[in-house]
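Have a look at the structure below before the remarks.
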Amino acid sequence: MVCDRLHPDNKKAMTDPDLLQDLKNIWHPCTPLKDPAITPLLLVDRASGIYLFDNKGNRYMDVISSWWVNLLGHNHPRLNRALSRQMEKMAHVMFAGITHEPAIRLAERLIQGTPDNLTRVFFSDNGSTAVEIALKMSLQYWKLSGHAKKNRFAYLKDGYHGETLGALSVCGSQLFRDKFDDVLMSNVEVQGPDCLRCPFGLKRESCQAECFDAMQNTLDTHSESLAGVIVEPLVQGAAGMKMYPPVYLKKLEDACKAKNVHVIYDEIAVGFYRTGSMFVCQGHELHPTFLCLSKGITSGYLPLAVTLTENSVYEAFQGSFENFNWFVHSHSYSANPLACAVANETLALLEEPGFSESLQQKSGVMREVACQLEELPWCGEYRQIGMIGALELVRDREKLTPFPVEKRIGFEIFKEGLTRGLFLRPLGNIVYFMPPYAIEEDEIKTMIRSAGDSIRAVLEKE
Ligand SMILES: Cc1ncc(COP(=O)(O)O)c(C=O)c1O
């Protein structure tokens, strides 16, 4: 088979017929078209625990839980069994006019595990859609309750909430939105926390979220037209695991309440114990109007998402059939029974006695071992919340000067990582660790040490 896109240096590496076929037919997500020709894709044949195995039997640690979804490890016996059990009974049914036990149990569990104000669960099948649903519910709620002018949202600079057009309208990252800016909703971007380069010279451990002023100004100026504010609580993932303190969220809750504006929490990346508590809102006693969850909900087995909201929102949609006041939003795979069954088992595993304590222990080890990364001359900051660790690499440590984009140091480190059995996927200049919770303490040590070696191999040449 001839592949005209193959880089000459790579012809030897890329001889596998399946890889060549892939290159010929498949358009991969979030991948510059030249990259698979420069570094052959990993042809993964099987996965177990925290490891991916390629078709030649090589092993790679899944350092980022396969895009932050695989909470409990690949090929988990209990999740496999839950899936097979459900498969014997029913794989799929539509979810309008029909309900089923896996969805009923899951909604019950989610309502029990989240703050008291969240009492209704709407099912869908991916994170972007969970966000779309929250935005649409909020907009329709305000229309139904006589505030039709409340028709836009505030979002944080660098925030990420998915890539469908509605979700993109509340994304604060130019990389994702700039090609589509002209067709997006006219929302309000707000400068959010930037703790590493804090303009007030404060530390996230002790500040009072002085940077909240920007959000307060937005709420003071635009509350008449604002339906809601959307945030990724505590960690802005795609922005490079930017972390900020809970005091910001407390201020947001109080200010939005005072201005009659909804609060939308996107816990798609941080839910299910990633930051230490089952959910950020529940762990910090916060009460968003909407909570969006996906990714880890099935521990990476099947696509599933939920948008939770309050009774006050739900009740507003009680109008008559002829008025079409109900919520018109449907997906073929809403509440898929297989996905719900695996989600129920995922939650059962997370809720087992001692689970959160064992995670706390692992998070402690990760923080301790990561000290060695702080010694690297390019360490701008190592930050960590729960089971998310991130190292921001900078060219100049004192001035925190970033490496130029065209150097693509993240991609170079990714390639070095592969040679050391790590599947990293740095976000630009940020190398981060978000492993499945099944990782053992000695594996945490290996992960950090090998990541450090990969970084050194790239940056010592700079
Ligand atoms: C915070 C956040 N929101 C939404 C999404 C979109 O989820 P999905 O990729 O399932 O559409 C992501 C995905 O990375 C995310 O991190």
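All of the numbers you see were taken from the coordinates with simple rules; none came from a lab. Predicted, not measured: the structure shown is a model, and the values here were computed from it. Quick reminder, even Gly has a Cβ in these numbers, built from the backbone with ideal geometry, and neighbours come from all protein chains shown.
Taking only the alpha carbons of the chain, we obtain Rg and Dmax values of 22.5, 69 Å in that order.
Summing Cβ point charges (Lys, Arg +1; Asp, Glu -1) relative to the Cα centre of segment 77-135 gives a dipole of roughly 300 debye.
How fast does segment 177-317 diffuse by Stokes-Einstein, in µm²/s, taking the Kirkwood radius from C-alpha pairs at 20 °C and 1.002 mPa s? Numbers along the way, then the final one.
On the way: Rh = 16.4 Å.
So the translational diffusion coefficient is about 131 µm²/s.
Working value for segment 42-100: equivalent-ellipsoid semi-axes of 30, 13, 11 Å, each the square root of 5 times a Cα gyration tensor eigenvalue, largest first. Taken about its Cα centre, segment 79-350 carries a charge dipole of roughly 260 debye when the Cβ of each Lys and Arg holds +1 and the Cβ of each Asp and Glu holds -1. Only lysines eight or more places from K250 in sequence, or on another chain, were considered; those with a Cα closer than 21 Å are K157, K203, K242, K259.
In order along segment 265-276, phi translates into HN-Hα couplings of 9, 9, 9, 4, 8, 9, x, 6, 6, 4, 9, x Hz, rounded to whole numbers, per the Karplus curve 6.51 cos²θ - 1.76 cosθ + 1.60 with θ = phi - 60° and x for Gly and Pro.
For segment 208-283, a Kirkwood hydrodynamic radius built from all Cα pairs, placed in the Stokes-Einstein relation at 20 °C and 1.002 mPa s, yields a translational diffusion coefficient of 165 µm²/s. For the chain, a simple Cβ point-charge model (Lys and Arg +1, Asp and Glu -1, everything else neutral) yields a dipole of about 460 debye relative to the Cα centre.
Name the residue farthest towards the positive end of the dipole of segment 322-414 from the options L373, L349, P337, assuming +1 on Cβ of Lys and Arg, -1 on Cβ of Asp and Glu, about the Cα centre. Of the candidates, L373 comes out farthest on the positive side. To the nearest 10 degrees, how steeply does helix 213-222 sit against the main Cα axis of the chain, on a 0 to 90 scale? Once rounded, one gets 40 degrees. Proximity of backbone amide H atoms, modeled 1.01 Å from N, is registered between E310 and T119 at under 5 Å, excluding neighbours fewer than 5 places apart on the same chain. Have a look at Q361, C30, N75 and report the one farthest towards the positive end of the charge dipole of the chain, computed about the Cα centre with Cβ charges (Lys/Arg +1, Asp/Glu -1). Toward the positive end, the furthest listed residue is C30. What the phi angles of segment 39-54 give under the Karplus curve with 6.51, -1.76 and 1.60, with θ = phi - 60°, is a coupling list of 10, x, 4, 7, 8, 7, 9, 7, 9, 8, x, 9, 10, 10, 10, 7 Hz, glycine and proline written as x. Selection among L110, V170, T221 by position relative to the dipole of the chain gives V170 as farthest towards the positive end (Cβ unit charges, Cα centre).
For segment 79-350, the normalised intensity computed at q = 0.17 Å⁻¹ comes to -1.40 (log10 of I(q)/I(0), Debye sum over alpha carbons, equal scatterers, no solvent).
Using alpha carbon coordinates only, what is the Rg to Rh ratio of segment 69-215, with Rh defined as the Kirkwood radius? Spell out each step's value before the answer.
Numbers: Rg = 20.2 Å, Rh = 19.2 Å.
Rounded to two decimals, Rg/Rh equals 1.05.
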